[in-house]
Amino acid sequence: MFLSDDSIVAGRYAGGPVGDLRLHPDPDRVVVSAAMPGWAWAPGDRYDQEGGVHPRDSRLLLRRVVDELAGGGWSVRAGFEVEWMVGWQTGDDRFVPVTTAPAYGMARVSGLADYLRDVMVALGDSGVAVDQVHPEYSAGQFEVSFAAADPVGAADTLVLVRETVRAVGVAHDMRVSFAPKVVPEAVGNGGHVHLSLWRDGVNVMSGGDGPCGPTGDGEHFAGGILARLPALMAVGCASVASYLRLLPSQWAGVFACWGRENREAALRYVSGCAGERERAANIEVKCFDATANPYLLLAGLLAAGAAGLADSVRLPAPVDVDPGALTPEQRAAAGIHALPATLADAITIFEADPVLGKAFGDSLVDTVATVRRGEIAALAGCTPDEVIARTRWRY
Ligand code: GLU
Ligand code: MG
């Protein structure tokens, strides 16, 4: 298995020089690339040479988890927020932002009108239903969100969006980073995941009499995810640098709690606006970033939600303040725990998790853990600034 610095590790099940596989492009998702003229793109599924499903294929795994939920009458709509930072090509590995205009400000758009128009046009011409493009908080940072879709479709679109954004940057002599932390002093790039759960055409994230709106089933699904966030971090915060992004008061959601529209809770309940709630209500998982394999991450989230449904997991009381502003004693009294602070801690919890273990299988669990431990070893002894510098242009 290959690490972010291109070095190679082997685990108990995968990584040696023996064996082969076949990638089958999905003909239903072929896109003629608007950003790379002359090219087309398609996501692929991995099979072995006998035509059997490869035991470590994440897209087919997600399809299986989606099918299992469908067997119980459930469907999920998913969406991602894509944040990135844009710098100039400098000839070295520094990050020089293409704009230092104010956060969320129009001056950032007017100063980069050609670039942002090209991003929007390329995404639209590639069939992406863009909901919104906006300037984000940090210098050179932007964000695009796209319409919710079935989970496999949403993960496919995420990959397409990222590669499109990257290609448009190249055409403008810019360099694009989706890394969780691009410069030490700035708020990083998140990869927030939105989920709603549906049955018979009804969104159960809305319409309940619970504290903020999810129905009992919506609460169970969300409760299952909240309970497994520490384990899911090994999938969703996949790099050593991920844990440098996870700071309080940077909207990264570093506390395992939930609250309505609470940007410091790892699980933000998004109610939507009056008149659209039945369609729009969803849960947003904020702690993850773009180092995650989106197929694996959604498979893990859905498996956790399904376990919550099966066990009728209840949510704790919602949190309507900044959990980082509470004292440790107040947090403990409210049952709010900080998420794992290191990749090593997250791996240990992930390996011991029975629900993710059952969904992923031994071979995939071992492989994910081996890759993560390889990342830790490859960066051992680096200062945080060195970790950031070494991973900034790898994602
Ligand atoms: N950039 C922030 C993060 O690292 C998120 C900002 C926002 O709330 O969209 O997750
Ligand atoms: Mg954002």
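The values are calculated or read from the model by the stated rules, or taken from the named source; none is laboratory data. For clarity, every value in this text was computed on a predicted model and none was experimentally measured. Here the Cβ is made from the backbone with ideal geometry for all residues, glycine too, and neighbour counts use every protein chain on show. Heavy atoms of the whole protein, side chains included, go into the accessibility calculation; ligands, DNA and RNA do not. Shrake-Rupley method; radii C 1.70, N 1.55, O 1.52, S 1.80 Å.
A few remarks follow.
- Seen from ALA42, the other residues with C-beta closer than 13 Å to its C-beta sum to a net charge of -3, counting Lys and Arg as +1 and Asp and Glu as -1.
- Pair-distance distribution of region 250-336: all C-alpha pairs, bin width 10 Å, starting at 0; shares per bin in whole percent are 16, 39, 37, 7.
- Restricting attention to the chain, close to 90% of DSSP beta bridges with both partner residues there are antiparallel.
- Taken as Cα centroids, region 20-67 and region 287-365 sit 28 Å apart, rounded to the nearest whole angstrom.
- Taking each DSSP H run with n ≥ 4 as -39500 (n - 2.57) and averaging over every residue of the chain yields -11500 deg cm²/dmol at 222 nm.
- Order by protection proxy (mean Cβ within 10 Å, highest first), peptides 261-273, 88-100: 261-273, 88-100
- For region 191-306, the orientation-averaged shadow of the C-alpha convex hull comes to 6.9 nm² (one quarter of the hull surface).
- What the phi angles of region 321-332 give under the Karplus curve with 6.51, -1.76 and 1.60, with θ = phi - 60°, is a coupling list of 10, 6, x, x, 8, 7, 6, x, 5, 5, 5, 4 Hz, glycine and proline written as x.
- Mean separation of Cα contacts under 8 Å, 6 or more apart, over the residue count of the chain: relative contact order %: 19
- Mean shadow area of the chain, taken as a quarter of the surface of its Cα convex hull (nm²): 19.9
- Convex hull volume of region 1-92 per residue (C-alpha atoms, cubic angstrom): 213
- Put simply, region 45-100 fits an ellipsoid with semi-axes of 40, 21, 6 Å; these come from the alpha carbon gyration tensor as the roots of five times its eigenvalues, largest first.
- Near-label residues of region 1-42 by backbone N, under 18 Å of a point 7 Å along Cα→Cβ of VAL53: 21-27
- The string of couplings for region 42-56 from the Karplus curve (6.51, -1.76, 1.60, θ = phi - 60°) is 8, x, x, 10, 9, 10, 7, 6, 8, x, x, 4, 5, x, 10 Hz, one whole number per residue in order, with x for Gly and Pro.
- Taking a ≥ b ≥ c as the square roots of the eigenvalues of the alpha carbon gyration tensor, region 302-371 is oblate, as a/c is not under 1.5 and a/b does not beat b/c.
- In the context of the full set of protein chains, the chain has a per residue accessible area of 43 Å² (1.4 Å probe).
- For TYR115, net neighbour charge (Lys/Arg +1, Asp/Glu -1) across residues whose Cβ lies under 11 Å away: -1
- If the Kirkwood radius is taken over C-alpha pairs of region 13-56, then at 4 °C and 1.567 mPa s the Stokes-Einstein diffusion coefficient equals 105 µm²/s.
- Each Cα pair of region 273-395 feeds into the Kirkwood radius, which the Stokes-Einstein equation turns, at 4 °C and 1.567 mPa s, into a diffusion coefficient of 73 µm²/s.
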